[in-house]
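Here the structure comes first, spelled out in structure tokens, and everything after it is commentary.
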Amino acid sequence: MTTPALTSIVDLAARFPGIVTPDARPGFSGFIVEKDSLVEVATAIRDEMGFDLLTAVTGVDYLPENKMEVVYCAYRTTGGPGLIFKVQVPRVDPVEVPSLIDLWPGVDLQEREAWDLMGIKFTGHPDLRRILMWEGFEGHPLRKDWKEGFYEEDTKPFKSRWPDGQFYMAEDKNPFKDNLTFPQNFDPEKWIPEGDALLYGALARYTVKNESGLNTDRIVINMGPHHPSTHGVFRAVMTLDGETIVGLKPVLGYLHRNHDKIGERNTYLLNMPFTDRLDYFNSMTNNFGYAITVEKLMKIPVAERAEYIRIIVSELTRVQNHLIFIGTLLNDLGAMYTPSLYAFEERELILDIFEAISGARMMCNYFRFGGVVRDIPDDVMQKIKGLVHERLPAKTDEMERFLSENEVLVSRMKGVRMIGAEDAIRYSITGPVLRAAGVPYDIRRADPYGIYDRFDFDVAVRHNGDLMDNYLIRIDEIRQSLRILKQAIKQIPEGPINSQKPVYQVRVPAGEAYGRIESPKGELAFYVVSNGKPNPWRYHVRPASFVNLTALEKISVGNKIADFVALLAMFDIVMGECDR
Amino acid sequence: MDNEKISLPQYDIPEDMQHAIAVTTLDRLYNWGRRSSVWPLMFGLACCAIEMIAAQTARYDMARFGMEVMRPTPRQADLLLVSGTVTKKMVPAIVRLYNQMPEPKYVVAMGACASGGGPFKEGYNVVAGIDKFLPVDVYIPGCPPTPQALIAGMIKLQEKIDKQSYKKSRWYDKKKQDANYVPVPILGPDLIDPRRNEEIRIAAAKRENEG
């Protein structure tokens, strides 16, 4: 085990006797906080103990114990292991927990998600609307007693689909002959859709009053879900005063593919190919995050050669992601196609390597618990060496020579402020955006996983927090990744590629694990609760894009609409990961 | 007589004029123009959209087949490439985009998700295939299909265009012009397809009797 366990380094129970108790369930860690004192304890955690970065908020539905739990994971931006604290409430509607939005505005979207999918009401949250589903949707789908239209059984693998030699479709079993569930006696003709009344209401509430004395009109603009510059099916609704953005709400869920619900039904290994499709540019790092989380639960070591292979494929992924980022950013800024054609040329070479070692270009499904699924053959290793030592450094320099001092680009990006260090931490931003704001927080260094502690590299950091820095930090990171790659290729030992025997169903002892990695977009984390059965009881993905988007409103308000596309591009969002 | 044969020249051209005269049919000329300038909608849903972009780039270069002009607005596009998982929340927007496209228009379901739900079929927010709402011309298998597979699918679409005749086309027939209008689905307690209102009402009423 090279990943540090989530042992708490502070004794919260001694600081708040009677209010906070250690979580004594076998395999669990952290502290359980009394609901009424949550805000008080959280304030102490942030201000006294220095856990300033609240990365994840999620709910767990313990149906057999008739309890709902809200789990919070806090970290120090100076590095080190984190602190998990939980609130348990009886599973009786309304399930209410105080909101932490005043302490960490970064919980905004995550609390809305917990309300949407689990039905946990956060009292004090100013804008508690559904986020991934739409207003008017019936029920909270991640609750264990909620069943969708195509529900067959609680867990996979399902029983035979052709018991008597006769095949049936999932559609045949549903009364509506489709993936639908309607309440009893529902009449579609009498249904009045909510539309977006609540959304526009929320937007109106946040609009600041015009104090200039001039009578000007506000314009509401919908951007997306079909828009060439939103990187997928993202929708932003904004109020404009002239050309200035005065209010903005992101609307998500247009690619909500029910990752968590499907993941809780799958066996542990079945989830691996699903993680590929989270952030579809970086399937290797998604695999990495999931693998280390389950390995943490299983307490198994990783084969030495596999550790190096993992680093090599993750860093190659990071390089191609940042190259594509530069290409799409330039696309969004108006330099149509040419930079992205350059970026895709390099990406194809990296995808060739992935195809050779895993069999697929994009959806690699390459990691297994305890190692990886296939070895890197010698000829592919030679190709990687050629890329890392010659081609990619030269192409990175070329990219920088073409773009970084381009006059149009500089005047467009320099000085357009995104976010400062303090706000970035409060809004739970991670990844390059946080580092461009001047916080040298990189999980590879701050809380090392895998074997990142063996390599010599610098955490890329820039200090202005404007668009230009956000662009330049990507190039810095490509260079650092190449540095890691050079060392890894040199040091990689021979040996087995998996410490375990390949099996379809792994044995996972009961417990919880929060495993996180530095994905190219930021912190990608998985929260998995096991009850000892072949399927996870709770499987939650903490995506970087989704949490980073919390700050979109803060960043955009006051900027011009023309810069909005560039500001959004800096988050490098991928909707597959964002909506899951 | 089918289109292939119609398009064959039936006239003997004198040898000294062969370099100056070509005989063809109106259908063939018309289809040649359409098949070589398919303008897809610049519309990506999920993972497949990345392979769609890759198919446009230097290595695969879909432009060789006359399909590089991606238009972001549906009013200038004649091909809806459904590239990714169709969710219930997104499907009203997709149907609206389709309705805004001018005829003649085609739909290609790219990948397992758009064809039938794919790995996410069981999900509560997932529509099991865009063909539940829109008429699909070509299905491309794969998760995601490689750029080569996408190009193969586009060539299939070109073959389909080749076989159409302007005389029988619905888009010149005033009576059939609205034939492809699809009513926009409504987001209710679950996704409501207005064409199936009656069915849903009966099934929902029956549900109570059973329970």
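Please compute the contact order of chain A in relative form: average sequence separation of alpha-carbon pairs under 8 Å and at least six residues apart, divided by the residue count, as a percent.
18 percent
Please report, in whole Å³, the volume per residue of the convex hull around the C-alpha atoms of the stretch B:94-179.
Per residue, the Cα convex hull of the stretch B:94-179 comes to 98 Å³.
For an R0 of 56 angstrom, estimate the FRET efficiency from the Cβ-Cβ distance between residue A:491 and residue B:21 and round to the nearest 0.05.
Efficiency, from the Cβ-Cβ distance: 0.20.
At q = 0.10, 0.19 Å⁻¹, what is the log10 ratio I(q)/I(0) for the stretch A:158-268, with the Debye formula run over Cα points and no solvent?
With no solvent term, the Cα-only Debye profile gives -0.58, -1.13.
Which three extents, in whole angstrom, do the alpha-carbon atoms of the protein assembly as shown cover along their principal axes, largest first?
Each principal axis gives a Cα extent; for the protein assembly as shown these are 102, 76, 72 Å.
Starting with the highest mean, order A:162-169, A:534-541 by the number of other Cβ atoms within 10 Å, averaged over the residues of each peptide.
A:534-541, A:162-169
May I ask for the distance between the Cα centers of the stretch A:402-481 and the stretch B:24-76, given as a whole number of Å?
Result: 37 Å between the Cα centres.
Step through the table entries A:296/B:89; A:261/B:206; A:144/A:190; A:296/B:121; B:156/B:176; A:121/A:521, compare each Cα-Cα distance with 32 Å, and write down the pairs that go over it.
A:296/B:89
Quick check: the angle from helix B:26-35's long axis to the longest principal axis of chain B, C-alpha only, nearest 10 degrees?
50 degrees
Using the Cα centre as the reference, give the magnitude of the dipole from point charges on the C-beta atoms of the protein assembly as shown (Lys, Arg: +1; Asp, Glu: -1; all else neutral), rounded to the nearest 20 debye.
Details: 96 positive and 105 negative charges, 195 e Å.
I would put it at about 940 debye.
Could you give the angle, 0 to 90 degrees to the nearest 10, between helix B:147-162's Cα long axis and the longest principal axis of the Cα atoms of chain B?
70 degrees
Per residue of A:363-369, how many C-beta atoms from partner chains lie within 10 Å of its own C-beta, taken as a mean?
Counting Cβ atoms of other protein chains within 10 Å of each residue's Cβ and averaging gives 1.
Given contacts defined as C-alpha pairs under 8 Å and at least six residues apart, what's the relative contact order of chain B, whole-number percent?
Contact order relative to length: 19 percent.
Cut-off under 13 Å on the C-alpha distance; same-chain residues fewer than 8 positions from residue A:249 excluded. Which aspartates and glutamates are left, in chain and number order?
A:108, A:127, A:196, A:553
Compute the helix-to-body angle for B:197-210: its Cα long axis versus the longest principal axis of chain B, expressed 0 to 90° and rounded to tens.
30 degrees
May I have the extent of the alpha carbons of the stretch B:25-104 along their three principal axes, as whole Å values ordered from largest to smallest?
Principal-axis extents of the stretch B:25-104 (Cα, largest first): 45, 33, 16 Å.
Values quoted throughout were computed directly from the atomic coordinates according to the rules given, and no laboratory measurement underlies them. Since this is a predicted model, take the numbers as computed values, not measurements. Using ideal geometry, Cβ is built from the backbone for each residue, glycine included, and neighbour counts are taken over all protein chains shown.
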